[in-house]
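Participant: Quick one: the structure is below, and I'll ask about it shortly.
The values are calculated or read from the model by the stated rules, or taken from the named source; none is laboratory data. Predicted, not measured: the structure shown is a model, and the values here were computed from it. We place every Cβ from the backbone using ideal geometry, glycine too, and count neighbours over all the protein chains shown.
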Amino acid sequence: MTGMRAFDWLRRLGNAVTSALFRLGYATRLLLLTLAFSGESFRRVRMVIKEVYAIGVLSLLIILVSGLFVGFVLGLQGYNTLQRYGSEQALGVLVALSLVRELGP
C-alpha cells in the first residue's frame, strides 16, 4: 500500500504538467487565431489605438462610480452578515475581492 502512495505525488505532478500544457496549447491557439483574423487592424494602427483608448481609458469613470456604489451596498450587507459571526474585520477583504471578481475582466 505504501508503494501506491509513493507514486501518488508523481501522478499528481504528471496531471499538473499535462493540464498546464493543455492550457498553454489553448492560449497559443487563441493567440494565433486572433493574429490571423486581425490582419486588417495592423494596417489601421492609429484607429486601433484610438478605439482602445475610448474603450479602456474613457470608461474608467463608469467603472469607478459603479464600483463605489456596489462597494457601498456590499459593505452594508456584508457587515450585517459578518457581525453575526464576529468577523467584521474581514469586510474590507470581502468587498475588495468581490469587486475585483465581479467588475474585473
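Participant: Looking for whichever is in contact (Cβ under 8 Å) with a residue 24 or more places away in the chain and out of contact with any Ser or Thr (no Cβ under 9 Å at 6 or more places or on another chain) here; the options are E88, E102, E40. Which one fits? Break it down stepwise before answering.
Facilitator: Working: E88 fails: in contact (Cβ under 8 Å) with a residue 24 or more places away in the chain; E40 fails: in contact (Cβ under 8 Å) with a residue 24 or more places away in the chain.
Result of the check over E88, E102, E40: E102.
Quick grid of which residues meet (1) closer than 30 Å to L99 by Cα; (2) in a helix (DSSP H, G or I); (3) under 22 Å from the mean Cα position of the chain (by Cα); (4) modelled with pLDDT of 90 or more:
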residue	(1), (2), (3), (4)
G3	no, yes, no, no
N15	no, yes, no, yes
G25	no, yes, yes, yes
L31	yes, yes, yes, yes
V48	yes, yes, no, no
G71	yes, yes, yes, yes
G75	yes, yes, yes, yes
Y79	yes, yes, no, yes
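Participant: I need every pair where a residue in the range 52-67 that is in contact (Cβ under 8 Å) with a residue 40 or more places away in the chain has its Cβ under 9 Å from the Cβ of a residue that is surrounded by 10 or more Cβ atoms within 10 Å (Cβ to Cβ), sequence separation at least 6 or different chains.
Facilitator: Hits for this filter: I63/L103.
Participant: Going residue by residue through the range 47-63, is there one that turns out to be more than 19 Å from V93 (Cα to Cα), among the charged types (D, E, K, R) and loosely packed, with under 11 Cβ neighbours inside 10 Å?
Facilitator: no
Participant: Is it the case that the range 1-17 has a residue that's surrounded by 10 or more Cβ atoms within 10 Å (Cβ to Cβ) and among the hydroxyl-bearing types (S, T, Y)?
Facilitator: No - not one qualifying residue is present in the range 1-17.
Participant: Residues in the range 89-105 that are surrounded by 12 or more Cβ atoms within 10 Å (Cβ to Cβ) and either at pLDDT below 90 or among the acidic types (D, E) (or both): how many?
Facilitator: Selection size over the range 89-105: 3.
Participant: Just to verify a result, which residue in the range 50-69, among those that are of a type in the set (G, A, S) and assigned to a helix (DSSP H, G or I), is farthest from L99 (Cα to Cα)?
Facilitator: A54
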